[in-house]
Amino acid sequence: MILIKPFITEKSYKGNKYNCYTFSVDINCNKIQIQKKINKLFGFSVKSIRTMIYPRKNKSKYTKKGFLYGRTNKIKKAIVQFFENQKIDFLKNKEEF
């Protein structure tokens with residue numbers, strides 16, 4: 001599974017004006033695999049893809065039992081830009097993810 005889920009944040013909605021959508025993708029996939037999967041899912045041609053890898057972070061919290069330590073997962077995000085007049089409605093396509 002290459003595409004995991006779309007990022008639905010305020011910052012990602014600002015990119016919708018430029019036909020840019022943000023997805024969480026598998027850490028081992030490359031841009032060509034992402035492009036093929038998006039073309040297969042939505043039927044849109046991709047103008048450009050930008051990827052970024054976020055490293056693991058150390059997290060801690062204080063509870064009744066003391067400090068709990070842990071780490072977050074490493075994630076990869078892809079910002080996909082489509083050509084003009086190609087829009088995705090995530091509320092309608094919710095079942096595909």
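The values are calculated or read from the model by the stated rules, or taken from the named source; none is laboratory data. Bear in mind that the values here come from a model prediction, so they are computed numbers and not experimental data. A quick note on method: Cβ atoms are made from the backbone with ideal geometry, for glycine too, and the neighbour counts reach across all protein chains shown.
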Query raised in the report: Would you pick out the residues in the range 1-46 that are surrounded by fewer than 17 Cβ atoms within 10 Å (Cβ to Cβ), within 19 Å of Asn73 (Cβ to Cβ) and at pLDDT 90 or above?
Result: Ser24, Asp26, Ile27, Asn28
Query raised in the report: Going by the conditions given, is Thr51 within 19 Å of Gln86 (Cα to Cα), free of Cβ contacts under 8 Å to residues at least 60 places away in the same chain and under 15 Å from the mean Cα position of the chain (by Cα)?
Result: no
Query raised in the report: Of the residues that sit in the range 72-90 and are among the charged types (D, E, K, R) and in contact with a strand residue (DSSP E or B) (Cβ under 6 Å, 6 or more places away or on another chain), which one is surrounded by the most Cβ atoms within 10 Å (Cβ to Cβ)?
Result: Lys76
**Report entry** Candidate set: the range 69-79, residues that are in a strand (DSSP E or B), touching a Lys or Arg at 6+ places or on another chain (Cβ under 8 Å) and of a type outside the set (Gly, Ala, Ser); chosen: the one farthest from Thr22 (Cα to Cα)
**Finding:** Tyr69
Report summary line: Checking Ser24, Ser60, Ser48 in turn, the sole residue that is within 15 Å of Met1 (Cβ to Cβ) and small (Gly, Ala, Ser) turns out to be Ser24
Requested in this report: Could you list all residues from the range 48-71 that are loosely packed, with under 11 Cβ neighbours inside 10 Å and among the aliphatic types (A, V, I, L, M)?
Outcome: Met52, Ile53, Leu68
